[in-house]
1. Could you tell me whether Asp120 is at pLDDT 95 or above and surrounded by fewer than 23 Cβ atoms within 10 Å (Cβ to Cβ)?
2. Which of the residues spanning the stretch 208-231 are basic (Lys, Arg) and touching a residue at least 40 places away in the same chain (Cβ under 8 Å)?
3. Based on what the data block shows, is Leu125 at pLDDT 95 or above and buried (at least 24 other Cβ atoms within 10 Å of the Cβ)?
4. Condition test on Ala54, is it among the aliphatic types (A, V, I, L, M), buried (at least 24 other Cβ atoms within 10 Å of the Cβ), under 16 Å from the mean Cα position of the chain (by Cα) and closer than 22 Å to Val233 by Cα?
5. Identify all residues within the stretch 250-267 that are under 26 Å from Gly47 (Cβ atoms) and crowded, with 19+ Cβ neighbours inside 10 Å; write none if there are none.
6. Give the number of residues within the stretch 115-127 that are farther than 20 Å from Arg244 by Cβ and in contact with a helix residue (DSSP H, G or I) (Cβ under 8 Å, 6 or more places away or on another chain).
7. Check whether at least one residue in the stretch 11-22 is in contact with a Gly (Cβ under 8 Å, 6 or more places away or on another chain), under 29 Å from Ala280 (Cβ atoms), assigned to a loop (DSSP other than H, G, I, E, B) and hydroxyl-bearing (Ser, Thr, Tyr), and report yes or no.
8. Here is a list of conditions, (1) modelled with pLDDT of 95 or more; (2) surrounded by fewer than 19 Cβ atoms within 10 Å (Cβ to Cβ); (3) more than 24 Å from Val27 (Cα to Cα); (4) of a type in the set (S, T, N, Q), and Ser239 meets all of them except one; can you say which number that is?
Amino acid sequence: MTAPDAHPHATGEDGYLTIHGLRHHYVRWGDVANDPVVFLHGLMNNGRYWEHIAERFTDRYSVFAPDLRGHGESEHAPGGYLVWAFAMDLRGFVEEMDFESFDLVAHSIGSRVAMSYARDHSHRLNHLVLADMGPQMADQGARGIRRSTGDAQKTPGFTTEEEALAHFATLYPGKPREFLERQVGASLTLDEATGNLVFRFDPSIHQATGRGAIAEIPYLWESLEHIKCPTLVIRAEKSKVLSREIAEQMVQRLPNGRFIEIPEAGHQVPLHQPDAFSTAVREFLAE
């Protein structure tokens, strides 16, 4: 089996930067002259996760979606997956892109990164969106994410590209083959030992949900109090990761926070309800 083309018939422009000695990859959609909005993905995903959302924003925004360190085409950084390291990468990305101000939309672990970044840099943010992740996770969700990370490391991957395409078709129903091929190219790589297509992320990213993440909880709660920009906390109605209680506490701690719950969605709310998610974010960014 040959490795799939990373970006067949690609939509969006691929870019590469070196930040803190690591090579980082990002995707940009839309006119670069438009106002920038940065989307941060969650654990075990990559910037292409956002393609179906980005296409709903390019009429008004220049959309940037970096691969977090250890994900997608960004380099692995063994021992470097605590939230402050991700946040330092984001700061470096913003500096390299020379954003005077921008909007930041984050999901899952990306939301923890965004909280850490915004703690000291909310003066650069026009708006901040934190989707289905708080400073701490509901117990059931925390166990589920740790379990899914471990399971993903054990999976043999996909024996054929068609098998991989079928997997992504369940995540992005109704999308054309070309779109699914881009997801396969961005998310998977060829394992020379087995000949299978396996997920690109660094197995060491389990650190992001381990003891280090528990130690970060007080820091992230306190960080919320320093975030001055308008901040929207999005909870998925069926989420096992962000409880309503934690979401409400987040809004209380934020100087300028508000809350919305999206019906009929689980933790992967951008996948489960892309229209409702995009509408909520667009309306908030327009304020």
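The values are calculated or read from the model by the stated rules, or taken from the named source; none is laboratory data. These figures come from a predicted structure and were not determined experimentally. Note that each Cβ is placed from the backbone with ideal geometry, even for glycine, and that neighbours are counted across all protein chains shown.
1. yes
2. Scanning the stretch 208-231 gives a single hit, Lys228.
3. No, not satisfied.
4. Numbers: among the aliphatic types (A, V, I, L, M): yes; buried (at least 24 other Cβ atoms within 10 Å of the Cβ): yes; under 16 Å from the mean Cα position of the chain (by Cα): yes; closer than 22 Å to Val233 by Cα: yes.
Criteria met by Ala54.
5. If the condition is that a residue be under 26 Å from Gly47 (Cβ atoms) and crowded, with 19+ Cβ neighbours inside 10 Å, then Met250, Ile262, Ala265, His267 are the ones that fit.
6. Qualifying residue count, the stretch 115-127: 9.
7. So far as the stretch 11-22 goes, no, none of its residues is in contact with a Gly (Cβ under 8 Å, 6 or more places away or on another chain), under 29 Å from Ala280 (Cβ atoms), assigned to a loop (DSSP other than H, G, I, E, B) and hydroxyl-bearing (Ser, Thr, Tyr).
8. All conditions are met except number (2).
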